[in-house]
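Please read the structure below before turning to the comments.
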Amino acid sequence: MATPVDILGLTSEQFAQAAALAVGQGSGVAGRLYREAHREGRFEPERSAPASAPRWRAAFTLGHLRVVKVVEEDGPLGLTAKAVLATHDGYEIECVRIPMRLVPTDGEGEPVQEHTLCLSSQVGCRMACAFCETGKMGLIRHLTAGEIVAQVATVRAALGWEPKNLVFMGMGEALDNTAALIPALHALTDKRGMMFSHERITVCTSGHAEGIAALKALGWKRLNLSISLNGARDELRSRLMPVNKATPLAELQRILCDFPQRRNFSLGVNWCLMPGFNDTRQDATEIAAFVRPMQRALLNLIPYNPGSYPLTRAPTEDEIDRFIGWLRDEGLAVRRRITKGRSIMAACGQLGNLELRAKRLPGGRPGRQVDMADG
Ligand code: SF4
C-alpha cells in the first residue's frame with residue numbers, strides 16, 4: 001500500500017486532483033479538508049466525509065511536527081521565541097518568531113505587533129559558513145515541502161503564533177533544497193490555504209547560483225531575495241563562506257544584477273559584522289563597490305552573535321556605529337538589525353544545537369569548529 005501523502009506539501013489543486021484519483025470524492029470536500037489542514041492544522045475526514053474517511057486516511061496524512069520546547073527572550077521590540085520542532089524521524093529543527101514593528105489599529109485599540117517567522121529548510125547545512133552554528137553540523141537531510149510548510153502550520157496550531165512575514169533564514173540553505181522549497185512556496189501562497197502573498201516572503205541565500213536561477217524562473221515579481229554577503233573581496237569571502245569558491249563575487253554580482261523582475265526591487269544584503277574579520281573602512285568601500293551596479297539594495301547590518309564555538313567576539317556599540325557611518329558615507333541604505341534572541345541561541349547564525357550535531361557524527365562527538373584556515 002502506498003504511503004499517505006502529506007497534504008501540507010501540496011497546493012489545493014494538486015490535492016484535489018490526487019483526491020479525485022485516490023478517493024473519488026468531489027472537489028468540495030477536498031477544498032474543505034485542504035483549508036482545515038493549511039489554516040487550522042487539522043485533518044479530520046471523519047467530520048467532513050465520514051463514509052470515505054478510511055480512504056482519505058489511507059491516501060493522505062497531515063505531517064505535523066512535534067513542539068519539543070519553546071525558549072523566549074525579551075528585547076526592545078518584544079519577545080523573540082525559538083521553537084524547537086521534532087520531525088517524524090527524530091531530528092530537531094528550529095524556527096524563530098521575531099517581533100517586528102508595531103502597527104497602529106484603526107480606532108482606539110492598542111497597536112498590534114507584527115511577527116516574522118524564520119523558517120528552516122534543511123536539517124543542518126552543507127555550506128559550512130565559518131561563523132554559523134548550523135554550518136558546523138553538515139547536511140543531515142533536506143526537509144520535505146510538507147515539513148517546511150508544517151513549521152508554519154505547527155506554530156499556528158500549537159502555539160497560536162500568527163506570522164505576518166516568512167523568511168527562509170533558519171537552518172539550512174533554502175536554495176540548496178529547491179526541490180522542496182519551490183513546492184513549499186506554492187503551498188504557502190495558495191489562495192485556498194495559508195494565502196501568504198509573495199511580498200511577505202523572503203528567501204535568503206549564501207549565494208547559491210543554481211538556486212537563484214530556479215527562483216528567478218518562478219517569475220514571481222514580488223518575492224523578496226536577500227543575500228548573505230559578509231565578505232566583499234574573494235579572499236575574505238571564500239574563507240568565511242566556502243560557496244564563494246564555486247561562485248566568486250564577480251559572478252555573484254552578475255547573477256544578482258540579473259535577478260530583479262520588478263522596477264522597485266530592493267535586494268537585501270546581509271552583513272554579519274565580525275570584529276577582526278570584516279569590520280574595516282576597506283570592507284565598507286568594497287561592499288559599496290559590490291552593490292553599486294544593482295538597482296537598489298538595503299544593507300542589513302547584523303552584529304555577530306558568538307555561538308558555542310565563537311569565531312570572534314560580538315562587536316561593541318561603537319564599532320557598529322562606526323561601520324554604519326562608513327557605509328552611509330559610501331551612500332548605502334543601511335538598517336541595523338537589532339540583535340534578537342542572542343541568549344536563547346536564536347539569533348542569526350546561531351541555529352543548530354549541540355545535541356543534534358553530536359547525533360550527526362559517528363561516536364557522538366561534537367562537531368568540530370570550522371577553522372578560518374579551512375575556508
Ligand atoms: S549561514 Fe546559512 S548557508 Fe551558511 S552554513 Fe549557516 S545555514 Fe548554511
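Quick look at the numbers
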quantity	calculated
Listed residue (GLY31, ALA83, LEU62) projecting farthest to the positive dipole end of the range 1-90, Cβ model	GLY31
DSSP-assigned coil residues among trypsin sites (Lys or Arg not before Pro) in the range 167-271, each with at most 13 further Cβ atoms within 10 Å	LYS191, LYS221, ARG222, ARG262, ARG263
Residues with amide H under 5 Å from that of LEU298, placed H, sequence gap 5 or more	LEU267, GLY268, VAL269
Whole-number D in µm² s⁻¹ for the range 281-339, Kirkwood Cα-pair radius fed into Stokes-Einstein, 20 °C, 1.002 mPa s	173 µm²/s
Size descriptor, Kirkwood hydrodynamic radius, that averages inverse alpha-carbon separations across the chain, Å	21.7 Å
Compactness of the range 51-153 as Cα Rg over 2.2 N^0.38 Å, two decimals	1.40
Extended-chain gain in nm, criterion 0.36 nm per residue less alpha-carbon gap, VAL67 and SER308	84.4 nm
Over 29 Å (Cα to Cα) - which of LYS69/LYS245; LYS82/LYS136; LYS136/LYS245; LYS69/LYS216; LYS69/LYS136; LYS191/LYS245 fall in this group	LYS69/LYS245; LYS69/LYS216; LYS191/LYS245
Dipole magnitude of the range 13-101, debye to nearest 20 (Cβ charges: Lys/Arg +1, Asp/Glu -1, about Cα centre)	300 debye
For the range 220-232, Karplus couplings with θ = phi - 60° (6.51, -1.76, 1.60), whole Hz, Gly/Pro x	7, 5, 9, 5, 9, 10, 9, 10, 8, 8, 6, x, 10
Equivalent ellipsoid, the range 162-318 (semi-axes from 5 times Cα gyration tensor eigenvalues, Å)	28, 18, 15
Using a Förster distance of 30 Å, the FRET efficiency for GLN282-ALA214 (Cβ separation, nearest 0.05)	0.30
For THR205, residues with placed amide H under 5 Å, excluding near neighbours	SER226, ILE227, SER228
Size of charge dipole - the chain - debye, nearest 20, with Cβ of Lys, Arg +1 and Asp, Glu -1, no other charges	580 debye
Mean separation of Cα contacts under 8 Å, 6 or more apart, over the residue count of the chain: relative contact order %	16 percent
Inter-probe distance in nm under a simple model that places probes 7 Å from Cα toward Cβ, at SER266 and ALA53	5.1 nm
Within the range 5-61: Cβ-based charge dipole about Cα centre, in debye rounded to nearest 20 (Lys, Arg +1; Asp, Glu -1)	100 debye
Against the rule of thumb 2.2 N^0.38 Å, how large the Cα Rg of the range 245-302 comes out	1.19
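Each reported figure results from applying straightforward, stated rules to the coordinates on display, with no laboratory input. Values in this document were obtained by computation on a predicted structure and should not be read as measured data. Counting neighbours? That spans all protein chains shown, and the Cβs are built from the backbone with ideal geometry, glycine included.
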